[in-house]
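Throughout, read-outs are computed from the coordinates displayed, never taken from laboratory work. Because the structure is a prediction, the values reported are computed rather than measured. Please note: Cβ atoms are built from the backbone with ideal geometry, for glycine as well, and neighbour counts cover all protein chains shown.
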Amino acid sequence: MSALQRLAQELRTEGGILAGTVADEGGPQPHGDAVAPKGEDYPLLVEAIREGYLQHYGAGRVVQPADPDLALLAGDRLYALGLERLAALGDLAAVAELADVIALCAQAHAEGDPERAEAIWAAGARAVAAGPSPDHEAAKRQWRGA
């Protein structure tokens, strides 16, 4: 079962208003696939955070509410779900990295640069999987100053 299928199943089981917005589709999950070597929990966590991001800046793959306000709330819930689980695993470096991804993507979108946001996501997933390299830290400094 893919990370997106697991996320859909978990949200349906949880119930509530989001359960009614879960789609049967999925889609590509390159960011979750990138972190798979870290353990079976990581793809789900990263894809939950990615889905939260998509609720804020695009269209979700798993959660597809018709109401834009509900999409924003769903995004916040999904961000929290992923970050909470990472913290519970004790991987504070991954929590910090994904928090940086969220913040840097918000900055990129505010500056009208969605392509930069996608580059930030790809680099962040690689850093969660293998640890941040000096080049990655330099890129984050550059993105902050963009």
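Projecting the Cα positions of Ala127, Ala88, Ala3 onto the charge dipole of the range 3-145 (unit charges on Cβ atoms of Lys, Arg, Asp and Glu, taken about the Cα centre) puts Ala127 furthest along the positive direction. Remark on the range 3-145: ratio of C-alpha radius of gyration to 2.2 N^0.38 Å is 1.00. Seen from every direction in turn and averaged, the convex hull around the alpha carbons of the range 32-94 projects onto 4.1 nm². Show log10 I(q)/I(0) for the range 73-146 at q = 0.24 Å⁻¹, two decimals, from a solvent-free Debye sum over equal Cα scatterers. Listed by q, the Debye log ratios stand at -1.14.
Each part reduced to its alpha carbon centroid, the range 4-36 and the range 78-146 end up 21 Å apart. Put simply, the amide H of Val22, placed in the peptide plane, has neighbours under 5 Å in Gln64, leaving out anything fewer than 5 places away on its chain. Under the simplified labelling scheme, the Ala66-Ala19 pair shows an inter-label distance of 2.0 nm, with each label point 7 Å from Cα along Cα→Cβ. Within the chain, the whole DSSP H helices whose Cα atoms reach 18 Å or more along their own axis and whose mean Kyte-Doolittle score is at least -0.5 are 41-57, 68-89, 92-110, 114-130.
A Förster distance of 22 Å, applied to the separation of the beta-carbon atoms of Ser2 and Glu118, puts the FRET efficiency at 0.60. Sorted largest first, the principal axis extents computed over the alpha-carbon atoms of the range 1-57 equal 33, 25, 16 Å.
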